[in-house]
Every structure is written in structure tokens, then in C-alpha cells.
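Taking it in order: structure first as C-alpha cells, then the write-up.
Taken together, the values in this text are just the output of simple stated rules run on the coordinates, not laboratory data. A quick note: this is a predicted structure, and the numbers were derived from the prediction, not measured. Because the Cβ atoms are built from the backbone with ideal geometry, glycine has one as well, and the counts that use them run over all protein chains shown.
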Amino acid sequence: MWGGIRVLNSSRIANLIYEHRENKTFKNSDSITFDEAYELCKKYINKHSKKSMALKEGIDAKEESIRLIESFVNTLKTGVIGYEDEKGLVRLKKDLKDEIVDYKAITELMSDEGIGREVTEIRINSHKSIIYERKGKTYVWPKTFKSPEELEKVLAKLLGEDKRLSRATPFLNSSTIEGYRVNATDKSISRNNDDYTAVIRKFNPAGAKLQLVDIVGFRTLSDNMANLLTILPKARFSFLTVGGTGSGKTVTNEIIISGIRPMDRQIYIENPCELTPGIEGGLIKVNNVEGMEEYISKLLANSDILAVSPDIPLSSNRKLLSVRKEDAKKIIQQIKEKFGEDAFVEYDDSIGYLNDFIQMQSNSDKKDPGASDPTPNNLVENALRQTPIWIVVGEARSDEEFKVLLKAAQTGHKVITTFHADDPEDAIRRYLVAYLSAAQNVPLELVLQNICSAFKFIINVEKLHDGTRRIMYITEIVGAEGNKPILNDIYRYEIDYVDENGKIHGKHKRVGKLHESSIKQFRKMGIPDKHYEIYTTEPSADEEETYNGVP
């Protein structure tokens, strides 16, 4: 089976040949069925595509599959029953595309255009019931699948060729060709053993991910909060990002990892891979005119512009500087204005990523995984041997993962992970319970002290009832006294009122200042005082947060 379609007679398919045809009208005796054309088309795609759907290499694979479907129909020697005329061939292309790369009732929701661009989650409760989330609110989708069998075919495409729902594997997790997370269940565990279910979590591709200015514009956090979250990683503090399902933990972690120094080695362990840590860069070649070396030294020290590696001497007359792609135009303009047009030689944007990172996808599908299986726990253990400064785990789920992450954080590594918790105190409590479940006969107070010394900040994100997402707390972990953590809230979101339309109105407020230990760490890491001095004083009564400069 593939996508719910039966595998047809292999000798019949083998006898069909692809070649350009002059005559596009056929007799029924020369024709094949649509099912045969479908199987033949899949073979054609797999044969001619370097990025086929089977290889699951991203959205470009889907686009290439569409191109190859066009090519297949244009070069098919045999006719297809029901598609014998010119208009029939147009329908054949469309129907093959529907079967191979589209998703029937949810095609529009899966798209990154139109309404699909704003859809963040699709919930298939049965072939007759589809719910979707858009801008934080849920709606009923008016379209449905024709039958459980049609839904089964769509789920086969979503899960990929290497995974199949059955009584033996009644629920599966996977990633779609677009990179979205999908969980699906087999009909054998539904109430009447007659229907399938699925939940699809959509994520923006790297090139279309939300920028910090967008997130601040949504009032998820304020300007000063965004600044704090991007400079804290430069000082190498470990983080816990907590909240409920769909609250925005991944987006928050995107903000945090954007502040990690590019040459601080990072290892990412996720399932599926959602974070986009790569910094695309380019090389600027300049003439080493008088004053150029001093200019480059200042540029490297300026975190606002952030040239990300030392200048590489080509000769005494030339310098090579690697920079973020988004900063290149600005830097080139500065060089021309400061040193003249002849100082700039050329710019090469083909060098790939500039930061030191590895991104791995864990797999927990095996019931009894061995030491060499890529479980989150095994990958974290292995990461400790790969000389990381940062270990970033998409979501800590098992008790053993909490235990290993604390071990990593206590041995000098910096850790970022997420899990479900309602507020900062609940985050510490849940971490403590998970660790004690994995490590027996360890004193509670000792574990609490270890947690509160290894992790320095908790970021609590929440999706409110009106669909808006807010960072509710940025909280500093100061330490522990006995069996109680000492927490210091720096920022807090306070709700003022709810209007008659159910919209929640509130504001972020700075309610505390950084502890002296954090300030010492900033200075040890060479971060200029001006970047964090606002957080070192007690908040004033008239202090007001802004969002992209607007109160």
C-alpha cells in the first residue's frame, strides 16, 4: 500500500514507457486506469527527482514533485481512461497533483498562502470534523473528507512512506514534507473502530519565520523585555521556557537563541526540528587601507552590527570579513562612505552558515530503545562529548531527560529547554518532581539547590482566552533556602480588564531588578554596562513599557 492506493500489477507497469507523444488522443484499448497512472507517476517522480517526497527534504521537494507531474503527463505514451481529450489531460494533471502532493479537504489550511498562511494548527477529529486554529482562535472548517478511506490516504502522505498506521502501531508522530509536526491515530482505537484522527502543528519555514519586531508588535513582550532576552544568552545563562500547549514557547526560544554568540558551540536536539539557529552569512573583501584594521576591530566588538568572526588576512593589502547576510549591505555602505568606493572589493553570499551549531532530530518510536538509538536522552548524553557550550532540547518529556539536562547544566554546559508549567514556581516544582522520579534516594533539598544554581532564568509564556499570547513572567532564579526556591520576577504581565467583546487588556511591567550575581556575570562576559543598566535599578512608579516604540 502507498497512500491508501493498492499496488497494481508490476509487469503491466514495467511495460509502460515514458516518451514524448505526438498524438494525445487514444483508444480505450491503449489506455490505463487512473490508479495505474497514479502508481506510474510516483515511480516517475522517484526516478527523476533528487528531492522527491520520499526523501522528505522540505517544501522544495513538493514543488519539484508538482513539476515532475506536469512532465509525466506530457511524456506519457499511453492514454488514461476518462482523460482522453486535451481538457482531460489538464484534469489528469490536477487529479494526480491532488493525490500525490495535495491534502484534499485540508489543502487550503496546509498552504502557506491565503487563509493557510495564518493557520497554526489543524485538528482532524474524524473524516467529517475538521477544526483549525488561526491567530490564536479556533474555528470549524466547512470542508470534510469524503470517507475514512480518503482521510487514510491523506494521513499516509502526511506521515511519509516509512510510517503506517495499523492495529500494531495505532498512533504515530512524524513531520510532514513542509516540516510541520503531525500526530495521527488509527481507526482501530476510535470509538466505533471506523475513523482516523490527526493533529498538525504548523511552523513557519526559516525564510518566513516571525521576526522580533513582529513579535513585539503583537505585544507578546515589550521592547525592553526583548532586549533583555537577547543579551542574557550572551552572558551564558541557562533558561527554562515554560507554558501550555500552543502558548508560544518555540517562538520565545527563537528570540533567546538569536542572542547566543555565534561562535558559542550549540547542539540542538528536537523532535521534530522546529528551531532555526543557522545564521546565514557572506564574505566582504576589502582593501587594507589606512584605518581599516581599527574599523574592523570596532565592528567585531559591536553587538548591534555583529560581524561574527575575526578578519582573515589574505595578504598585507586585503582583508576578508564574514558578516551576517542582513548586515552586509549596511557594512558595505559604511566602508564606502568612510574609506571611499575603492576600499570595497567584493561581496560573496554563498558561504552558508556562520555560527557553530549542530541540529539533530531525536526518535522515541522504539518500545525498548537501546543505548545507540537516537532517543532524546541518548542524544543529550552524546552531546556532552561533542564540546558544546549550549545544549538546546526542544521539549523535556521524560523524567530521565530532566535528570540528564540537570547533569549537563551542572557540568559547565548552558542549557535551554521547554516543558509545560503554569508559572515560574510551578516550573521549579515540576522539574523537581521529574528529577526525583528518575533519581531515587536523593535529598529533596539537595536537588532543589542544584536546579536553582544550574538554571538562572524562567520565561513563562501563556496563550490567553482571547487568543493573544503573552510572556507572563521573566523571572530570575536567585537560589534556594531549604525546600523553597528564591525567585525574583523582573517582568510581569498584568491584566487590567476584559472588554464586552472578550478582549483582554493589560500591560507588561518591570517589577524587579537583576540580582548582583547576574550583573557580575554580565561583566565577566564583557558585555558593556549600557546594554543592561536599565535592569539594575528599582523600577520607578512612572516607568512605562513600549512596543516598537509605541506605549
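Multiplying each eigenvalue of the alpha-carbon gyration tensor of segment 450-500 by 5 and taking the square root yields semi-axes of 29, 11, 8 Å, largest first, rounded to whole angstroms. Compared with the alpha-carbon gap, the fully stretched path from ILE131 to ASP342 is longer by 70.0 nm at 0.36 nm per residue.
In this structure, the residue pairs whose Cα-Cα separation is over 18 Å, taken from LYS104/LYS153; LYS234/LYS338; LYS298/LYS319; LYS463/LYS503; LYS97/LYS153; LYS330/LYS530, are LYS234/LYS338; LYS330/LYS530. Taking a label point 7 Å from the Cα of GLN333 along the Cα→Cβ vector, which residues of segment 272-292 have an amide N closer than 19 Å to it? From segment 272-292, the list is 282-285. According to a simple spin-label model (label point 7 Å from Cα along Cα-to-Cβ), what is the distance in nm between ASN548 and ASP373? Label at ASP373, label at ASN548, 4.7 nm between them.
With just the Cα atoms defining each centre, how far is segment 536-551 from segment 321-359? Give it in Å. If you average the Cα positions of each part, the centres end up 35 Å apart. Take every Cα pair under 8 Å whose residues are at least 6 apart in sequence, average their separation, divide by the length of the chain, and the relative contact order is 12 percent. For the chain, the longest principal axis of the Cα atoms and the long axis of helix 292-301 meet at an angle of about 90 degrees. Backbone N atoms of segment 326-342 closer than 19 Å to the 7 Å Cα→Cβ label point of LYS285 belong to residues 328-329, 331-333, 335-336, 340-342. Give a quick list of trypsin sites (Lys or Arg not before Pro) in segment 373-418 that DSSP marks as loop, anything other than H, G, I, E or B, with at most 13 other Cβ atoms within 10 Å. Answer by residue number: ARG385.
May I ask for the net charge around VAL199, where only other residues with Cβ less than 13 Å from the Cβ of VAL199 are counted and Lys, Arg are +1 while Asp, Glu are -1? Spell out each step's value before the answer.
Numbers: positive: ARG123, ARG181, ARG201, LYS202; negative: GLU121, GLU133.
It works out to a net charge of +2.
Seen from all directions on average, the chain presents a Cα convex hull projection of 33.7 nm².
Ordering 286-296, 424-434 by mean Cβ neighbour count within 10 Å, with the highest value first, yields 424-434, 286-296. Give me the angle, in degrees from 0 to 90, between the Cα long axis of helix 399-410 and the longest principal axis of the Cα atoms of the chain, rounded to the nearest 10. The helix 399-410 is inclined about 40 degrees to the chain.
Let me check I've understood the local charge: for ASP349, count other residues with C-beta under 13 angstrom from its C-beta, Lys and Arg +1, Asp and Glu -1. What total comes out? Write out the running numbers ahead of the final one.
Working: positive: LYS285, ARG324, LYS325, LYS329; negative: GLU280, GLU326, ASP327, GLU346, ASP348.
Every neighbour counted, the sum reads -1.
Computed FRET efficiency, Cβ-Cβ of ASN183 and LYS503, R0 45 Å: what is it to the nearest 0.05? E between ASN183 and LYS503, to the nearest 0.05, is 0.90. Within segment 338-352, which residues have the backbone N less than 16 Å from the label spot 7 Å out from GLU294 along Cα→beta-carbon, could you tell me? Residues 338-340 qualify, since their backbone N sits under 16 Å from the label point.
Take PHE218, PHE357 and order them by how many other Cβ atoms sit within 10 Å, fewest up front.
Ranked by crowding around the Cβ, least crowded first: PHE218, PHE357.
Sequence-ordered 3J(HN,Hα) estimates for segment 256-264 from the Karplus curve with 6.51, -1.76 and 1.60 and θ = phi - 60° stand at 5, 5, 5, x, 5, 4, x, 8, 7 Hz, glycine and proline given as x. For segment 170-203, the list of trypsin sites (Lys or Arg not before Pro) that fall in a loop by DSSP and count at most 13 other C-beta atoms within 10 angstrom reads ARG191.
Would you compute, from DSSP H runs of 4+ residues alone, the mean residue ellipticity of the chain at 222 nm, taking -39500 (n - 2.57) per run and dividing by the full residue count, rounded to the nearest 500? When only DSSP H runs of four or more count, the value is -9500 deg cm²/dmol.
Work out how much length ASP422 to PHE171 would gain on full extension: take 0.36 nm times their residue separation and subtract the Cα-Cα distance, in nm to one decimal. Write out the running numbers ahead of the final one.
Numbers: separation 251, 0.36 × 251 = 90.36 nm, distance 2.77 nm.
My answer for the length gained is 87.6 nm.
What's the extension gain from GLN386 to ARG117 if we count 0.36 nm per residue and subtract their Cα-Cα distance? Intermediate values should be presented prior to the final figure.
Values: separation 269, 0.36 × 269 = 96.84 nm, distance 3.79 nm.
This chain segment gains 93.1 nm when fully extended.
Label-to-label distance, GLU494 versus ASP399, with points set 7 angstrom from Cα along the beta-carbon direction: 4.1 nm. By DSSP, the beta bridges lying fully in the chain are antiparallel in about 75 percent of cases. Angle check, please: helix 59-75 long axis (alpha carbons) against the longest principal axis of the chain (alpha carbons), in degrees 0 to 90, nearest 10. Taking Cα atoms only, the helix is inclined about 20 degrees. Dipole magnitude for the chain: computed about the Cα centre from +1 point charges on Lys and Arg Cβ and -1 point charges on Asp and Glu Cβ, it is near 1060 debye.
Whole number please: convex hull volume per residue of the Cα set in segment 113-202, in Å³?
Numbers: hull volume 8.6 nm³, N = 90.
Output value, Cα hull per residue: 96 Å³.
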